[in-house]
Structures are given as C-alpha cells and as structure tokens.
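Laboratory data are not the source of any read-out in this text; all were calculated from the coordinates shown. Note that the structure is a prediction, hence the values are computed from the model and not measured. Don't worry about glycine lacking a Cβ; one is built from the backbone with ideal geometry, like all the others, and counts go over all protein chains shown.
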Amino acid sequence: MKIVTEQEVREETVHAVARKMMAAARTAPKAKGVDNLVIALFTREDIAEISAKMIEMARRDSLPDVFLRDAVNILSAQAMVAFGTRIAPLGVSPCGMCGFADCEEKKKHPDHPCVFNTGDLGIAIGSAASVAMDNRIDNRVMFTVGRALLAMGVFGEEVKIVYAMPLSISGKNPFMDRNHEALVKKA
C-alpha cells in the first residue's frame with residue numbers, strides 16, 4: 001500500500017489553490033468593466049529572491065522593522081500570489097474622489113492613484129483571500145512585499161500599486177508572527 005502523506009502534497013495543494021485565487025481575482029467585479037490588474041504566482045525560489053530584496057531595502061533605506069519581519073515570514077510560504085494595478089482614470093463623472101476636479105486633471109498626475117483602480121484591486125484581493133480561506137490556506141496580505149516587487153520592476157513601469165499574499169499549509173500561520181526582535185535578528 002502506498003500512503004501519500006499531507007506533507008508530500010502541501011506544495012502541490014498550495015499551488016492549486018493559488019491558481020484558483022488568481023482566477024477569483026481576475027473575475028472579481030471591476031469599475032466600468034475595465035481590467036487594469038496584473039496577477040502573478042511566485043515559487044519558493046522567487047520568494048527567496050524577493051525576501052533578499054526586502055532585507056536589502058530595509059537596511060539600505062532604514063525602513064521599519066516590519067520589512068525585515070515580513071522578509072523572514074515569507075520564507076515559510078510554499079507559494080505567493082501578487083496583485084497589482086495600473087493607474088488609469090476611468091472617466092467617471094462626476095467623481096473627484098482622487099482629490100482632483102476630474103479625470104482630465106488627474107491625468108496630469110499619472111502616479112496619483114485613481115480610486116476605482118485601487119478599489120478594484122482591493123476587491124480582487126478580497127476575492128482571492130476568500131478562496132484561500134475556503135481552502136484553509138494560511139495567508140496574509142502584505143504591502144511590504146509589494147514595495148519590493150515594485151522596486152524590482154517585476155510588473156514593469158505601468159503598475160504602480162502591488163500587494164502580495166504568501167501562502168502556506170502548516171500547523172500555525174507563519175505570517176502572523178510578530179516577534180520583531182527575533183525575526184529582525186534572523187534577517
């Protein structure tokens with residue numbers, strides 16, 4: 001009899017759920033039906049590279065310890081999904097929720113977020129997180145990882161906002177560790 005243990009299929013399971021998360025994010029509702037999202041799956045090897053970038057950024061730029069903490073925490077992930085958005089005003093009128101009078105004025109500030117782009121990104125991340133939850137995959141949404149991915153230019157210059165969600169199957173969610181001192185020493 002050949003027994004397949006849970007440990008033997010963890011990574012395969014996480015990757016299968018990650019793919020479903022990506023589909024959920026893609027099919028999430030979007031303002032005016034305009035899709036500005038980018039979504040990508042990262043493996044353990046990619047995660048190690050991203051973690052190293054986070055450590056480099058934290059030390060070079062004197063960033064808060066949260067960057068080092070998350071850099072260590074993501075190394076426990078079997079996979080990670082990142083979600084980003086391009087910034088493209090949608091021409092909704094009247095609006096002005098971005099702080100500018102209208103989309104024409106906003107276009108003069110291309111790096112300033114459009115609330116619909118960021119709203120769509122949040123809805124997509126929420127849809128993906130619900131898939132992880134439904135499948136009992138440990139996760140956490142991290143802006144720190146998104147900052148590293150932006151610095152690495154992973155999604156190109158058009159993508160201005162990125163979040164990432166490391167994924168794990170383990171006895172305890174490793175992304176909730178908040179012992180700053182111990183984690184910072186590891187980094």
Next item on the list: Report the normalised scattering of the stretch 1-84 as log10 I(q)/I(0) at q = 0.14, 0.19, 0.20, 0.24 Å⁻¹, calculated by the Debye formula with identical scatterers on the alpha carbons.
Entry: -0.66, -0.92, -0.96, -1.08
Item checked: Phi-based couplings in Hz for the stretch 157-164 (Karplus 6.51, -1.76, 1.60; Gly and Pro marked x) -> 6, 6, 8, 10, 10, 9, 10, 10
Notebook entry, point to check: By count of other Cβ within 10 Å, fewest leading, how are I123, I55 ordered?
Noted result: I123, I55
Item checked: Computed helical MRE - 222 nm, the chain, DSSP H runs ≥ 4 contributing -39500 (n - 2.57), nearest 500 -> -15000 deg cm²/dmol
Checklist line | Which listed pairs, of K107/K160; K30/K106; K32/K108, have C-alpha distances above 18 Å, in listed order | finding: K30/K106; K32/K108
Check: Per the Kirkwood formula on distinct C-alpha pairs, the Rh of the stretch 56-187 is how many angstrom?
Finding: 16.4 Å
